[in-house]
Amino acid sequence: MALIGYHASHEQFAPAELLSWVASAEQAGFETAMCSDHLHPWSRAQGQSGHAWTWLGAAMARTSLPFGVVNAPVGRYHPIVIAQAVATLGCMFGNRFWLGAGSGEALNEHAAGVAWPAKSRRNARLREAVDVMRALWRGECVSHEGSFTVRDAQLFSRPAHTPPIYVAALTPDTARWGAGWADGLITIGTPAAPLADILAAFRSAGGAGKPVHLQVKLSYAATEALARDGALEQWRCNALTARATEELRTIRDFEHAARDIGIEQVQDAVHISADLEVHADTLARYLAMGIDGIHLHNVNRWQADFIDVFGRHVLPALGR
């Protein structure tokens, strides 16, 4: 049976507050969790950006949930830093952690002064990073010259089992590219996302039988007006297309590009409803696609009500 979990958005909530939400989610019946990893939020209305790796140690110690994070392991980070962080979580918490590896966003990488190459080049350096991290987890002494440099690196605190790496893909092309080397797939579920095409591309190119995780964007509130207003206020900048945002460097760039975004565009990016049956039906359709883990991201600010109400009504409706 697929796990249904809670997505912890570091861009929207202070770290201590977010820690309380994930603990509440476990108590409410959510079975897994994942979080983002950003230097910046997409808008000042979101207003936060806690350090994911510091927070993950606290969150995994406070709960018994399996966790994942979507991370760009090369760019503002060096792959050996991420390899060591993942290995340490594995040593402390066993098989409870997976890494979603993506090619990154200019919004985060630009601030560190690193190059922002074309997508094909970013994919190539991501694959290099994955190979280096896996070699380090095997205990090898690694040197590497390519998109980044590694000299005589070795990890001495290593987990008993190699941590899984899921390719983070928003398009069929990326899913197809990652299917052969990744241990699984992490993608998004929104009204306009080409999910069926992404799954088909991944499974047909070498991903058949591998785990698929889905981050579902939704906005639930007590009324339809609150659900719409909360989604528009918090997620307007995220309703821009990937092509439109690929080169945006700053929060102001995102806010300027999204200045004319209205609720119609946000409804393409977020499942918005105050009706719990609508949300349960949406999630049931996703589960029917063979998803192994669904992580619910309520994009508005009313997390306590969302966790409580979904725990009491939606999770039981899905057989939990």
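The values are calculated or read from the model by the stated rules, or taken from the named source; none is laboratory data. Note that the structure is a prediction, hence the values are computed from the model and not measured. Cβ: placed from backbone, ideal geometry, glycine included. Neighbour counts: every protein chain shown. All accessible areas refer to the heavy atoms of the entire protein, side chains included, with ligands and DNA or RNA removed. Shrake-Rupley method; radii C 1.70, N 1.55, O 1.52, S 1.80 Å.
Key figures
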{"quantity": "Failed criterion for Cys237 (all others in (1) of a type outside the set (Lys, Arg); (2) more than 30 Å from Pro164 (Cβ to Cβ); (3) open to solvent by 30 Å² or more (accessible area, probe 1.4 Å) hold)", "calculated": "(3)"}
{"quantity": "Filtered residue count, segment 160-179, keeping only those that are under 20 Å from Trp137 (Cα atoms) and of a type in the set (A, V, I, L, M, F, W, C)", "calculated": "3"}
{"quantity": "Residue within segment 136-154 that is under 21 Å from the mean Cα position of the chain (by Cα), open to solvent by 10 Å² or more (accessible area, probe 1.4 Å) and at pLDDT 95 or above present", "calculated": "no"}
{"quantity": "Residues of segment 155-180 that turn out to be among the aromatic types (Phe, Trp, Tyr) and either touching a residue at least 60 places away in the same chain (Cβ under 8 Å) or open to solvent by less than 20 Å² (accessible area, probe 1.4 Å) (or both), as a count", "calculated": "1"}
{"quantity": "Criterion violated by Glu105 - all others in (1) in contact with a helix residue (DSSP H, G or I) (Cβ under 8 Å, 6 or more places away or on another chain); (2) of a type in the set (Asp, Glu); (3) open to solvent by less than 10 Å² (accessible area, probe 1.4 Å) satisfied", "calculated": "(3)"}
{"quantity": "Answer from Leu56, Leu19 - the residue that is touching a helix residue (DSSP H, G or I) at 6+ places or on another chain (Cβ under 9 Å) and either at positive phi or open to solvent by 10 Å² or more (accessible area, probe 1.4 Å) (or both)", "calculated": "Leu19"}
{"quantity": "Residue identified as open to solvent by 30 Å² or more (accessible area, probe 1.4 Å) and either more than 17 Å from Leu18 (Cβ to Cβ) or not aliphatic (A, V, I, L, M) (or both) among Gly90, Gly113", "calculated": "Gly113"}
{"quantity": "Residue count for segment 22-49, restricted to those that are open to solvent by 10 Å² or more (accessible area, probe 1.4 Å), among the small types (Gly, Ala, Ser) and in contact with a His (Cβ under 9 Å, 6 or more places away or on another chain)", "calculated": "2"}
{"quantity": "Qualifying helices (runs of 4 or more DSSP H) (wholly inside segment 180-269; at least 3 residues being within 17 Å of Gly100 (Cα to Cα) and in contact with a helix residue (DSSP H, G or I) (Cβ under 9 Å, 6 or more places away or on another chain))", "calculated": "195-202"}
{"quantity": "Qualifying positions in segment 116-135 - open to solvent by 70 Å² or more (accessible area, probe 1.4 Å) and among the polar types (S, T, N, Q)", "calculated": "Ser120"}
